[in-house]
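**Q** Could you have a look at this structure, given as structure tokens, before my questions?
All of the numbers you see were taken from the coordinates with simple rules; none came from a lab. No experiment lies behind these values; they were computed from the predicted model shown. As a convention, Cβ positions derive from the backbone with ideal geometry for all residues, glycine included, and neighbour counts pool all protein chains shown.
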């Protein structure tokens, strides 16, 4: 009888333990769920931190004075830059959840970093085509102007991950791309 009672208690304990356990899928972190995409602002901040780090190594304390930053979703009309960029790239702002261009202010520097977040995955291909338009425009501008800047353009990276797109014409495109990928993981 004592043996039967012990076995019953053990079985009951196993049943209760099994019922109280949830699988990884039920917790939302299993293989059946899609990974959560990062926040646009966090990715953009990480890219800016990389720019600051690179320029500080070159002796420039405030890199932002050398670059224009334009929010491509700003359709208020107060700043003409978003309209200029979207027209130049043939980019439909209606397909953007978020979009920012960081580009050199001086026309002797080809640096451009563009971060886009599509409203939906269906919009990614169209946004990538817009970035390819920008690469074609940069190629046309720089191929006969300044050879060392054209080398940057030739090393351009266009990268997509989920609903995010990154365009990089920069001295160290691989470094910027690494920051992007680190934010995506």
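**Q** Mind running the shape call on the range 128-185? Use the C-alpha gyration tensor, a ≥ b ≥ c as the square roots of the eigenvalues: rounded below 1.5 for a/c, prolate if a/b tops b/c, oblate otherwise.
**A** oblate
**Q** Sort the range 35-184 into rounded, prolate or oblate with this rule: let a ≥ b ≥ c be the square roots of the eigenvalues of the Cα gyration tensor; rounded if a/c is under 1.5, and if a/c is not under 1.5, prolate when a/b is larger than b/c, oblate otherwise.
**A** rounded
**Q** Which FRET efficiency value, to the nearest 0.05, do you get for residue 65 and residue 97 by plugging their Cβ-Cβ distance into 1/(1 + (r/R0)^6) with R0 = 30 Å? Numbers along the way, then the final one.
**A** Values: r = 29 Å, r/R0 = 0.96.
Once the sixth-power term is evaluated, E becomes 0.55.
**Q** Continuing with this model, one more query. Please sort 99-109, 60-70 by packing, taking for each peptide the average over its residues of neighbouring beta carbons within 10 angstrom, highest first.
**A** Ranked from most to least packed, the peptides come out as 99-109, 60-70.
**Q** Full extension from residue 52 to residue 87: what is 0.36 nm times the residue separation minus their Cα-Cα distance, to one decimal in nm?
**A** Full extension from residue 52 to residue 87 adds 9.7 nm.
**Q** Right, something else. How much length is gained if the chain between residue 108 and residue 139 is pulled fully straight, taking 0.36 nm per residue apart and subtracting their Cα-Cα distance, in nm to one decimal?
**A** The residue 108-residue 139 span can extend by a further 9.8 nm.
**Q** Find how much the distance from residue 185 to residue 155 grows on full extension, using 0.36 nm per residue of separation minus their present alpha carbon separation; answer in nm with one decimal.
**A** Result: 8.4 nm gained on full extension.
**Q** Normalise the Cα radius of gyration of the range 63-137 by 2.2 N^0.38 Å (N = residues in it) and let me know the number.
**A** This ratio for the range 63-137 stands at 1.07.
**Q** Just need the relative contact order of the range 35-184 here, percent rounded to a whole number, with Cα pairs under 8 Å and 6+ apart.
**A** 23 percent.
**Q** Okay, next question. If a paramagnetic tag sat 7 Å from the Cα of residue 148 along the Cα-Cβ line, which residues of the range 43-77 would have the backbone N under 15 Å from that point?
**A** 58-59
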